[in-house]
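Structure first, then comments.
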Amino acid sequence: MQTYLLSQQFKTRSLPENFTACPANATICNGTSCVLPEDNINETLSVILSTVLTIMLALVMFSMGCNVELKKFWGHIKRPWGIFVGFLCQFGIMPLTAFLLSLAFNVLPIQAVVVLIMGCCPGGTASNIIAYWVDGDMDLSISMTTCSTLLAMGMMPLCLFVYTKLWTDSSAIVLPYDSIGISLVALVIPVSFGIYVNHRWPSKAKIILKVGSIVGAILIVLIAVVGGILYKGSWVISPKLWLIGTIFPAAGYSLGFILARIAGLSWHRCRTVSLETGMQNSQLCSTIVQLSFTPEQLELMFTFPVIYSIFQLLFALLILGGYRVYRRYRVKTKTDVEKTEEKEDSKSTSSHAKINGGFVSNETKETITSVPTS
């Protein structure tokens with residue numbers, strides 16, 4: 001999940017009936033109804049909130065880096081099978097799913113384009129936070145996020161060129177390479193510091209990680225609330241986009257997990273790939289949309305990145321809750337089995353001693369001492 005920069009947001013204001021001229025700063029004018037830019041107060045508020053959230057995100061990514069071991073991270077880079085599977089999910093499954101959903105729901109061309117832009121975006125940093133809470137492979141998670149953001153500079157234009165031909169000219173879409181570069185730097189620098197701290201001071205890194213994971217959970221909720229407040233004027237949107245915004249992230253999580261499992265990855269890496277696939281960089285999608293389309297077009301598509309962001313978070317929390325319940329049940333069951341085995345071994349030893357006049361062999365004693373205790 002990324003912070004939302006509200007550089008363009010519009011609202012409708014009614015003018016007096018005898019007033020025929022539109023204000024000089026109106027972006028759309030139809031009779032007495034004009035669409036005007038948002039107030040400077042809200043714009044200033046959004047900048048302040050975005051700055052605070054960006055700083056918090058950098059600190060959280062620093063703490064996530066404290067859970068990355070340099071040798072394991074470098075191992076993923078040298079043997080990038082997991083990264084390759086994630087690459088197929090990120091730039092193979094997601095754009096194709098966006099294309100098929102747009103066709104299936106028969107949305108307007110401009111709406112299909114925003115769905116495809118979301119599908120072609122790299123993974124978001126919120127996936128790293130959730131991956132930590134579901135006991136995922138943090139080394140793989142960080143390396144996948146970094147590589148997908150780096151590869152997005154080439155893969156996004158290619159995917160958009162392939163999939164948007166049906167609806168629009170891909171040259172009309174402006175890719176903000178500076179924003180992609182900033183996202184990459186904002187990810188790599190704090191994570192690198194975190195890896196260094198973990199390498200030099202492992203005990204301190206564990207403390208930083210615990211604090212950062214809690215702050216990260218708070219940050220995800222805070223971003224969702226702030227995004228809803230800043231975009232409160234743009235919630236009128238086609239029901240089809242609501243449905244796509246619900247189905248799309250769920251499909252990303254599910255297909256990412258399935259492909260990772262087919263590729264032979266372990267369960268904790270499957271969870272990692274699943275989260276990296278379904279969680280997209282929504283801020284980047286919003287930036288591309290604002291740079292590429294007119295205010296009239298934005299009214300049909302502007303809120304979709306927010307909708308996707310909300311549902312990708314909800315499904316991620318469901319995955320987290322389900323995993324935590326499963327983990328608690330599995331640990332409880334495993335403990336009960338161990339206790340049962342211990343009691344059975346004790347009973348068999350006792351009966352063996354009675355039969356043999358209280359004598360217990362050395363082999364039996366070794367068996368008793370080898371039984372794990374809880």
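Considering (1) among the charged types (D, E, K, R); (2) touching a residue at least 40 places away in the same chain (Cβ under 8 Å); (3) surrounded by fewer than 23 Cβ atoms within 10 Å (Cβ to Cβ), the lone condition that ARG271 does not fulfil carries the number (3). For LEU300, the requirement of being in a helix (DSSP H, G or I), modelled with pLDDT under 90 and over 15 Å from the mean Cα position of the chain (by Cα) is met.
Please determine whether any residue of the stretch 201-222 is part of a helix (DSSP H, G or I), aromatic (Phe, Trp, Tyr) and without any contact (Cβ under 8 Å) to a residue 40 or more places away in the chain. Scanning the stretch 201-222, I find no residue that is part of a helix (DSSP H, G or I), aromatic (Phe, Trp, Tyr) and without any contact (Cβ under 8 Å) to a residue 40 or more places away in the chain, so the answer is no. Just to verify a result, which residue in the stretch 107-120, among those that are at pLDDT below 90 and not aliphatic (A, V, I, L, M), is least open to solvent (accessible area, probe 1.4 Å)? Here the answer is GLN111.
Just name the residue that is nearest to THR125 (Cα to Cα) out of those in the stretch 161-185 that are among the small types (Gly, Ala, Ser) and in contact with a helix residue (DSSP H, G or I) (Cβ under 6 Å, 6 or more places away or on another chain).
SER183
Among the residues of the stretch 254-267, is any assigned to a helix (DSSP H, G or I), farther than 30 Å from LEU108 by Cβ, more than 20 Å from the chain's Cα centre (by Cα) and modelled with pLDDT of 90 or more?
The initial filter retains those residues of the stretch 254-267 that are assigned to a helix (DSSP H, G or I), namely 254-262, 267.
Now drop any that are not farther than 30 Å from LEU108 by Cβ, which leaves 257-262, 267.
When the remaining residues are screened for being more than 20 Å from the chain's Cα centre (by Cα), the result is 262.
From the residues that got through so far, the ones that are modelled with pLDDT of 90 or more too are 262.
Looking for residues that are assigned to a helix (DSSP H, G or I), farther than 30 Å from LEU108 by Cβ, more than 20 Å from the chain's Cα centre (by Cα) and modelled with pLDDT of 90 or more, one finds at least one in the stretch 254-267, hence yes.
Total residues in the stretch 61-79 satisfying the condition of being over 16 Å from the mean Cα position of the chain (by Cα) and either under 14 Å from THR145 (Cβ atoms) or open to solvent by less than 60 Å² (accessible area, probe 1.4 Å) (or both): the figure is 10. Restricting the first member to the stretch 119-133 and to residues that are more than 13 Å from GLN312 (Cα to Cα), and the second to residues that are assigned to a loop (DSSP other than H, G, I, E, B), the beta-carbon pairs closer than 6 Å and six or more apart or on different chains are CYS121/ASN281; PRO122/ASN281. Counting only residues that are more than 23 Å from PHE84 (Cα to Cα) and touching a helix residue (DSSP H, G or I) at 6+ places or on another chain (Cβ under 8 Å), the stretch 107-130 holds 8 of them.
Would you mind finding the one in ALA104, ALA58 that is part of a helix (DSSP H, G or I) and either surrounded by 24 or more Cβ atoms within 10 Å (Cβ to Cβ) or in contact (Cβ under 8 Å) with a residue 24 or more places away in the chain (or both)? Even if it seems obvious, please write down each step before you answer.
Details: ALA104 fails: either surrounded by 24 or more Cβ atoms within 10 Å (Cβ to Cβ) or in contact (Cβ under 8 Å) with a residue 24 or more places away in the chain (or both).
Of ALA104, ALA58, the one residue that is part of a helix (DSSP H, G or I) and either surrounded by 24 or more Cβ atoms within 10 Å (Cβ to Cβ) or in contact (Cβ under 8 Å) with a residue 24 or more places away in the chain (or both) is ALA58.
When ALA131, ALA112 are screened for being at negative phi, over 16 Å from the mean Cα position of the chain (by Cα) and part of a helix (DSSP H, G or I), only ALA112 passes.
Using the structure shown, decide if THR349 is at pLDDT 75 or above and surrounded by 14 or more Cβ atoms within 10 Å (Cβ to Cβ).
no
The values are calculated or read from the model by the stated rules, or taken from the named source; none is laboratory data. Remember, it's a predicted structure, so these values are computed and weren't measured experimentally. In this analysis, Cβ positions are derived from the backbone assuming ideal geometry, glycine residues included, and neighbour counts consider all displayed protein chains. Protein only, heavy atoms only, side chains kept; ligands, DNA and RNA dropped before computing areas. Shrake-Rupley method; radii C 1.70, N 1.55, O 1.52, S 1.80 Å.
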